[in-house]
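J.: The structure's right below; bear with me while I get my questions together.
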Amino acid sequence: MKSVEVRLEKLTKHYLGQVIAVDNVSLTVKAGEILALLGPSGCGKTTCLRMIAGLVDPTSGEIVVGGKPTTHTPVHRRNVGMLFQNYALFPHMTVAENVAFGLEMRGVGKAAREKRVRDALDLVQLNTFGDRLPAQLSGGQQQRVALARALVIEPSMLLLDEPLGALDKGLRESMQVEIRSLQQRLGLTTIMVTHDQDEALTMADQIAVMHQGNLEQIAPAGEIYRKPKTRFVAGFIGASNFFEATVTARNGHAAQLAAASGVSLQAEDMGSVQGDKVIVTVRPEAVTVAPLVGEGQTTGANMAVATVEQVVYRGFMLHYYLRLANGEPMVAYRQTQTEGFGNVVSAAGDRVLLSWASDANHVIQIN
Amino acid sequence: MSDFATMKQATAPRDGALLWKSIERRLFSPGILILPLAIFLLFFFFIPAIRLMTFSVMTQNAQGVIGAPFTLAHYIRFFEVDLYQKVLWSTIRISLITSFLAAILAYPVATVLVRGNIALTRIITLIVIAPLAVSVVVRAYGWQLILGNGPTGLLNYVLMNLGIIESPLAILFSDSAVVIGSLHIFFPMMVLPLSSALGKIDPNIQQAARTLGAPAWKVFVRVTLPLSLPGLLAGFTLVFSLASASYVIPALIGGPGSQMLGNMVEQQVLAVYDWPFGATIATILVLIVILINAISMKLLGGRRIKANAS
Ligand SMILES: Nc1ncnc2c1ncn2[C@@H]1O[C@H](COP(=O)(O)OP(=O)(O)OP(=O)(O)O)[C@@H](O)[C@H]1O
Ligand SMILES: [Mg+2]
């Protein structure tokens, strides 16, 4: 299968009645990569994917597949493989007939068709299920049939709209790995929609975070977690502590900042951030929690005194819900093991000293 | 003593509630709920219908009394006389054409009903349902005005003034007029079951077919049509049954060649006073309708068996 690059250029969709579902989205999915469109409900992910499939007409913008504009190509000539959230198998056809459908539409002869259907069902380990009807399969099996049906036509790209949303957690995770490894084996350019950040982090090479129709940030999975560009992304991908802060001194890449909550911060890398008013985010797992020795204990940069409101055991992690002197909330995640299984664990009501390394401070520009 | 009194007080209302529960359960059991309708149908439908059918195998003497001996002579007569054969086939032909046309016209309408926006859906429902509020007789006279064969018939008048035709069409008092009239009257019976069936199809399934390379017409043939078959068959059966039993429409806007079995029953009973032969025709009409219903059930049943197989 030849991999192709998929490019969206200023893709926009206005639904009747002024709803701007997708607003000026431009992005590129490299050949053979998985891009995850991630965002909260209603942010325009499905609309975006359906425009790429050709099921929704864009208001403006271009869709370029393998260098060719395909914005106005009818759906049935786009050669996309699409997986729907509710599988959308043909209920009146057997598994084999479902998988054969796309080949039939392409005029593939009976013998060749049967062989390719068999191969496709082998690929998803359902070779003995050809004669069954979709209603006689479990959810996971149905989605594998849908996958076989989409792959058998050797599509130029694979589009997945929350394909695992209806499956239980365990099955979802194994299907994530299965789809990921199939996709890599076939080198198939893939765009998937999800509102589950874990799914995006597990499966995708690149993550595009959308918010109210806009593309907030597109970056590799690790980078989007470590270096969120906007406050929305920082809050959406994993949890974050936020400080509204003012830059008091700059020293090359590094800077001193004063947070509105009274905490003073030392950032190592300001990146390309301009201006004095910024937001500093700190991941909860970077914050250490220590008992307060004396009330008058001096605090330096990247330190804060807080009151523990709640401690929640999450298996190997402890979640501390804290409150600063000025009333702002903070969260800290500690590994149960490093906290010594309870002997120095702080309890609700305790006064504690929070601290974190200066490279944990990530600075976001305020527009 | 006082213990006993309180106990009794405590249990009495509960017993009452239990008693009421069991009365309620019996009162609202399915058997009781359909009883009034069952009694009504027994006296006003089943008994008269069976009586009429038994007439068809009895003899009417010179005094007009119907009774023994039992005979199949009326049925033999029906199938031996050309006129009756002609009427039988024109009934079947007109009903089939009406049902087919209704099905073809109903698909787009039902699709819009199901997939269109709410305002459009309401307007179309109104247009489709509205004719039901007007008596068949009134509508038949309406069609007489519209289809009138002279140059003053509304349709001819419009077409001639638009220069589309030169001499007036002769639609009124023909098979076509009966088909048009029946179509108008029975169209809702096709649209309603069909749109209910189409509404049950997940639009993602049709879209999946499109992404797999099926152009719109193939999506219809391979996906929409088979999945809406229950609605289509229900509508087809309804329209066929109702159209084949028409009486007013062929009488008022049909020609001599488009008289249907219903009109013949009327002639036999009211003009010729031949009750047994009228009953024979009526029975044959009922058998045709039962046959069509059986065929459609068989088609649906076959599908269900396939769905449950393996
Ligand atoms: N057919 C439509 N007509 C009008 N508005 C629509 C239509 N489809 C979607 N919208 C609107 O467009 C916006 C984006 O919808 P979309 O389905 O793309 O969101 P999403 O990101 O996929 O959300 P979810 O995670 O809930 O599936 C929403 O505000 C939605 O109400
Ligand atoms: Mg969606």
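A short reminder: the numbers here are calculations on the coordinates, not readings from a lab. Being a predicted model, the structure only gives us computed values, none of them experimental. All Cβ positions, even for glycine, are placed from backbone atoms using ideal geometry, and neighbour counts span all protein chains on display.
J.: Exactly one condition in (1) crowded, with 16+ Cβ neighbours inside 10 Å; (2) assigned to a loop (DSSP other than H, G, I, E, B); (3) not β-branched (Val, Ile, Thr) is false for A:Lys2; which is it?
T.: Result: A:Lys2 passes all but (1).
J.: Working only within the stretch A:44-59, note down all residues that are near ligand 2 (Cβ under 9 Å from one of its atoms) and either polar (S, T, N, Q) or touching a His at 6+ places or on another chain (Cβ under 8 Å) (or both).
T.: A:Lys45, A:Thr46, A:Thr47
J.: Taking A:Ser26, is it within 16 Å of ligand 2 (Cβ to nearest atom), loosely packed, with under 15 Cβ neighbours inside 10 Å and within 29 Å of A:Ala219 (Cβ to Cβ)?
T.: In short, no.
J.: Look through the stretch A:41-52, keep the residues that are in contact with a strand residue (DSSP E or B) (Cβ under 7 Å, 6 or more places away or on another chain) and either away from every other protein chain (no Cβ under 14 Å) or near ligand 1 (Cβ under 7 Å from one of its atoms) (or both), and return whichever of them is farthest from A:Leu158 (Cα to Cα).
T.: Per the stated criteria, the residue is A:Cys43.
J.: Can you go through A:Leu38, A:Leu55 and tell me which one is more than 14 Å from chain B (Cβ to nearest Cβ), among the aliphatic types (A, V, I, L, M) and within 12 Å of ligand 1 (Cβ to nearest atom)?
T.: Testing whether each residue is more than 14 Å from chain B (Cβ to nearest Cβ), among the aliphatic types (A, V, I, L, M) and within 12 Å of ligand 1 (Cβ to nearest atom) leaves just A:Leu38.
J.: When only residues in the stretch A:16-29 that are over 20 Å from the mean Cα position of the chain (by Cα) and without any contact (Cβ under 8 Å) to a residue 24 or more places away in the chain count, which is nearest to ligand 1 (Cβ to nearest atom)?
T.: A:Val19
J.: To continue, here is another question. Restricted to the stretch A:63-83, and to residues that are within 24 Å of the chain's Cα centre (by Cα) and surrounded by fewer than 23 Cβ atoms within 10 Å (Cβ to Cβ), which residue is nearest to ligand 1 (Cβ to nearest atom)?
T.: Selected residue: A:Ile63.
J.: Of all residues in the stretch A:61-98, how many are at the interface with chain B (Cβ under 10 Å from one of its Cβ atoms) and among the hydrophobic types (A, V, I, L, M, F, W, C)?
T.: Total meeting the criteria: 9.
J.: Can you pull out the residues in the stretch A:52-98 that are part of a helix (DSSP H, G or I) and within 19 Å of B:Ala216 (Cβ to Cβ)? Talk me through it step by step, then tell me what you get.
T.: Within the stretch A:52-98, the first condition is being part of a helix (DSSP H, G or I), and the residues that meet it are A:52-53, A:75-77, A:95-98.
If the condition is that a residue be part of a helix (DSSP H, G or I) and within 19 Å of B:Ala216 (Cβ to Cβ), then A:Ala53, A:Val75, A:His76, A:Arg77 are the ones that fit.
J.: Give me a count of the residues in the stretch A:105-142 that are among the hydrophobic types (A, V, I, L, M, F, W, C), in a helix (DSSP H, G or I) and within 12 Å of another protein chain (Cβ to nearest Cβ).
T.: Qualifying residue count for the region: 2.
J.: Additional query: What number of residues within the stretch A:142-170 satisfy the criterion of being crowded, with 19+ Cβ neighbours inside 10 Å, away from ligand 1 (no atom under 16 Å from the Cβ) and not basic (Lys, Arg)?
T.: Number of matching residues: 14.
J.: Within the stretch A:186-208, work out how many residues are within 15 Å of ligand 2 (Cβ to nearest atom), crowded, with 17+ Cβ neighbours inside 10 Å and away from chain B (no Cβ under 14 Å).
T.: Final tally of qualifying residues: 6.
This table checks each residue for (1) touching a residue at least 40 places away in the same chain (Cβ under 8 Å); (2) not acidic (Asp, Glu).
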site: A:Val4; (1), (2): yes, yes
site: A:Lys10; (1), (2): yes, yes
site: A:Ala53; (1), (2): yes, yes
site: A:Glu62; (1), (2): yes, no
site: A:Pro74; (1), (2): no, yes
